[in-house]
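Remarks on the structure that follows.
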Amino acid sequence: MLVLPACASAPRVPATAETIASLARERQIVAVHYHALGTPGPLHNGARLVHGSVTMAAPTGWIKDRFVQSLEARLGLQQIRNVPEPRFAYLERERAAPDARALKRTFERGLVFDFYSPWQYLPAAGGRLYRASEIQVRLLRLDDLSLLWADSCSFDAGHLPPPPLFLRLESVEKLYTPAALGRASGCADVLVARLLGDPER
Amino acid sequence: MTPRSVLGIALTLVLAQGCAAVQRWEFSRPTLERPESMAIDEKGYVGLPGVKVAVTARNDRATFALAGPAIVVPLPIIPLPGSVIDPPKREPPFWIDVAIDPEGEGFTFAPGEVRLHVDRRAGLTPTLTRGPAAVSEYLGRRDGQVLCGFDPSGDNGAIAPIPVRERTCFSLRFEIVPPTADTSFVVSLHGLAKDGQPVDPPQILFTKGRAWSFQCCL
């Protein structure tokens, strides 16, 4: 069981200096994230239990927003288009990452950052997640679907309060405490630093 | 070996054995009413300019089955009539799933504009729509009936056109008893637009289809 989290981690592909330089030249850079909430409805319907747990992932949209802001500030970029709507994660045959061909079908050309997080289960009583929340990021060139950079980051979601039983869950961010979201933001900062080759803190 | 252990082994073998089943299915197979320039591919998608769409009807049912043990060799030897294993539904609703796979970002879909024509009567309007949802990922979709999978919103009743930027699914509820596979019906796929311009709606004709399935489990 101890080996499982390591097996599930995404492979790291460091960015080259050419990749970083190409960010400034590229006309179209898109940033997308995938759905992070798999149980949208209430957990209870009256006295009846509908879902015994919440299916949730790391706050992909939150981390993406922080990442894009930070990267734009660091590199002086203005052409990153941050897509607000989450996408469906149609996983590749190996079930490790979302299928990049779907991104090409939507955006056709340019570069894409995509932010994916595997789902976990939060009991209706709240508590700790089984393992640390992990976010996986890739930079893909859509013309040839080449992988220019891949990395991941984990953070401790801490003790999560019980999710609302009778309300529709609006977003996964509502399930995290402010402190946990702060650690998620730190995760985004780590990813930017790794992309740009900053020394490890 | 004691009689007790022999009995134990025999009991374990009986309990551990799997079962095998051969089933015959009837369903409504999508075809094109006007197949001049379009075709349905092996996954059930109709190719339109810049977009592929698939439509399925959830009225499939098993009409006959053979079931039996599967210790070493599967032995589906016990006949089961369809009226026992999967009786036809006699109450509404009737669900239809629509999957849309666009190229680019300009497509929208208004699921409430889809019309269902049964026995050449006037078009029925969906009373409830669900989605956007993910499209279920399984093979043999043309013979499968439930296209829509994970639905992140939990919302329904969308009226305004919904942007469709990736492979996306919608479920439409009609307040009629699900027609049997013997009944032909047509789904007019109105509501799809590209950059605000309506896409010529394909007319999907459903006719009777049959399929066999084999299941064997331990």
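Are any of the residues in the stretch A:120-142 touching a His at 6+ places or on another chain (Cβ under 7 Å), under 19 Å from A:Ser53 (Cα atoms) and basic (Lys, Arg)? Yes, the stretch A:120-142 contains a residue that is touching a His at 6+ places or on another chain (Cβ under 7 Å), under 19 Å from A:Ser53 (Cα atoms) and basic (Lys, Arg). Take A:Ser117 and decide whether it is under 20 Å from B:Arg167 (Cα atoms), open to solvent by less than 10 Å² (accessible area, probe 1.4 Å) and touching a helix residue (DSSP H, G or I) at 6+ places or on another chain (Cβ under 8 Å). Spelling it out, A:Ser117 is indeed under 20 Å from B:Arg167 (Cα atoms), open to solvent by less than 10 Å² (accessible area, probe 1.4 Å) and touching a helix residue (DSSP H, G or I) at 6+ places or on another chain (Cβ under 8 Å). Summed over the stretch B:124-147, the residues that are assigned to a loop (DSSP other than H, G, I, E, B), at pLDDT below 90 and either in contact with a strand residue (DSSP E or B) (Cβ under 9 Å, 6 or more places away or on another chain) or among the basic types (Lys, Arg) (or both) give a count of 7. Looking at the structure I just gave you, is A:Arg93 within 14 Å of another protein chain (Cβ to nearest Cβ) and assigned to a loop (DSSP other than H, G, I, E, B)? Yes; evaluated as a whole, the condition is true for this residue. Screening A:Pro40 with (1) part of a strand (DSSP E or B); (2) open to solvent by less than 60 Å² (accessible area, probe 1.4 Å); (3) within 12 Å of another protein chain (Cβ to nearest Cβ) gives one miss only, at (1). Restricting the stretch B:104-123 to residues that are away from chain A (no Cβ under 14 Å) and open to solvent by 60 Å² or more (accessible area, probe 1.4 Å), the residue that is nearest to B:Cys169 (Cα to Cα) is B:Glu113. Of all residues in the stretch A:1-37, those satisfying the criterion of being at pLDDT 85 or above, open to solvent by 60 Å² or more (accessible area, probe 1.4 Å) and closer than 27 Å to A:Cys153 by Cβ are A:Arg12, A:Pro14, A:Thr16, A:Ala17, A:Glu18, A:Ala24, A:Arg25, A:Gln28.
In the condition set (1) free of Cβ contacts under 8 Å to residues at least 40 places away in the same chain; (2) open to solvent by less than 40 Å² (accessible area, probe 1.4 Å), B:Leu189 is compliant with all but (1). Residue check: A:Thr55 meets all listed conditions (1) open to solvent by less than 50 Å² (accessible area, probe 1.4 Å); (2) modelled with pLDDT of 95 or more but one, namely (2).
Quick test for you: out of A:Leu139, A:Leu148, pick the one residue that is at pLDDT 95 or above, open to solvent by 20 Å² or more (accessible area, probe 1.4 Å) and within 28 Å of A:Thr106 (Cα to Cα).
Values: A:Leu139 fails: open to solvent by 20 Å² or more (accessible area, probe 1.4 Å).
Of A:Leu139, A:Leu148, the one residue that is at pLDDT 95 or above, open to solvent by 20 Å² or more (accessible area, probe 1.4 Å) and within 28 Å of A:Thr106 (Cα to Cα) is A:Leu148.
Residues in the stretch B:158-187 that are over 20 Å from B:Pro92 (Cα atoms) and either in a strand (DSSP E or B) or away from chain A (no Cβ under 14 Å) (or both): B:Ala158, B:Ile159, B:Ala160, B:Pro161, B:Ile162, B:Pro163, B:Val164, B:Thr168, B:Cys169.
Determine whether B:Ala57 is open to solvent by less than 60 Å² (accessible area, probe 1.4 Å) and in contact with an Asp or Glu (Cβ under 6 Å, 6 or more places away or on another chain). Here the answer is no, as B:Ala57 does not meet what is asked. Screening the stretch A:73-90 for residues that are away from chain B (no Cβ under 13 Å) and surrounded by 15 or more Cβ atoms within 10 Å (Cβ to Cβ) and picking the one that is modelled with the highest pLDDT gives A:Asn82. A Cβ distance below 7 Å, combined with a sequence gap of six or more or placement on separate chains, defines the contacts here; from the stretch A:175-186, residues that are under 11 Å from A:Phe155 (Cβ atoms) reach residues that are open to solvent by 30 Å² or more (accessible area, probe 1.4 Å) in the pairs A:Leu181/A:Trp62; A:Leu181/A:Glu173; A:Arg183/A:Asp156; A:Ala184/A:Trp62; A:Ser185/A:Arg66. Condition test on A:Arg66, is it of a type outside the set (S, T, N, Q) and in contact (Cβ under 8 Å) with a residue 60 or more places away in the chain? Yes, satisfied.
The values are calculated or read from the model by the stated rules, or taken from the named source; none is laboratory data. Computed from a prediction, not measured in an experiment: that's the story for all the values here. Every residue, glycine as well, gets a Cβ built from its backbone with ideal geometry; the counts of neighbours run over all protein chains shown. SASA here: full protein model, heavy atoms, side chains in, ligands and nucleic acids out. Shrake-Rupley method; radii C 1.70, N 1.55, O 1.52, S 1.80 Å.
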